[in-house]
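Structure, as structure tokens:
The values are calculated or read from the model by the stated rules, or taken from the named source; none is laboratory data. Predicted, not measured: the structure shown is a model, and the values here were computed from it. Every residue, glycine as well, gets a Cβ built from its backbone with ideal geometry; the counts of neighbours run over all protein chains shown. Each accessible area value is taken on the protein alone, full model and side chains, heavy atoms only, with ligands, DNA and RNA left out. Shrake-Rupley method; radii C 1.70, N 1.55, O 1.52, S 1.80 Å.
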Amino acid sequence: RRAAEAHRLELTVLRPGFVWGRGNDDLACIGQRLGRLQLVFGPLRAPPLTHVANCADAFRFVLTRAESVGKTYNVVDGMRVSAARFARERKRGTQRAGPILWVPYLAARGLVALANLGARLVFGPRYRLPSLCAPVRFRLRYQPVRATSSGLAALGWRAPRPFEACVDATWGALPFPGRAEGALAARRDAA
């Protein structure tokens, strides 16, 4: 901001949530994969997600609005998709074998703190566990947050693609029960 002011540049700051899409669907905010097992920490929390197509649309939208200059906007899709739902859709879409284990956030956070304390007592204070077991990193990655695109909504932007369309764009149109869009797209492809 200081450099933009010093050089008289127009600056708008966009802060995307976790961007996902084809080729980038194993999000750190969902959980941790251990071999075939997928751990999902806080399965009911809704991480701040934005599909790459919706994110690009938000950037395009803001660049066309003079009133956005000098402001900061969060870019999230606004659909409250739980970590559990995202993990299930990813498993179906990628057809990965292996179970998903739902771990309540507070229980996981307690286990991480315990593992960290135990490692420091046994191996000394300088011993470093993997980042998953670092309490501060764990909290920053998995704690429930409420991020909105309210600033963009005030300008008139809404994510143009619903979650189901983003799932189809990321993992292909598969006819899942209750997903009419995917079923229609699969029938069109088969015809």
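Scan segment 65-76 for residues that are open to solvent by 80 Å² or more (accessible area, probe 1.4 Å) and part of a loop (DSSP other than H, G, I, E, B) and jot them down.
Result: 71, single match.
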(message) Take residue 107 and tell me if it is touching a strand residue (DSSP E or B) at 6+ places or on another chain (Cβ under 7 Å), under 20 Å from residue 45 (Cα atoms) and either among the aromatic types (Phe, Trp, Tyr) or open to solvent by less than 90 Å² (accessible area, probe 1.4 Å) (or both).
(response) no
(request) Among the residues of segment 90-108, write down those that are farther than 19 Å from residue 26 by Cβ and free of Cβ contacts under 8 Å to residues at least 40 places away in the same chain. (result) 106, 107
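Quick one: which strands (runs of 3 or more DSSP E) sit completely within segment 1-64 and have at least 1 residues that are touching a residue at least 60 places away in the same chain (Cβ under 8 Å) and open to solvent by 60 Å² or more (accessible area, probe 1.4 Å)?
Filter on segment 1-64 gives 13-16.
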(request) Output the number of the condition that residue 127 fails; it satisfies all remaining conditions of (1) modelled with pLDDT of 90 or more; (2) farther than 17 Å from residue 18 by Cα. (result) (1)
(message) Filter segment 77-104 down to the residues that are open to solvent by less than 40 Å² (accessible area, probe 1.4 Å) and basic (Lys, Arg) and list them by number.
(response) 90
(request) Keeping to segment 148-171, report how many residues are not in a loop (DSSP other than H, G, I, E, B) and not charged (D, E, K, R). (result) 13
(request) State which residue is farthest from residue 60 (Cα to Cα) when the search covers only segment 119-147 and only residues that are open to solvent by less than 60 Å² (accessible area, probe 1.4 Å) and not in a helix (DSSP H, G or I). (result) 124
(request) Could you check residue 151 against (1) farther than 26 Å from residue 38 by Cβ; (2) in contact with a Ser or Thr (Cβ under 7 Å, 6 or more places away or on another chain) and say which number it fails? (result) (2)
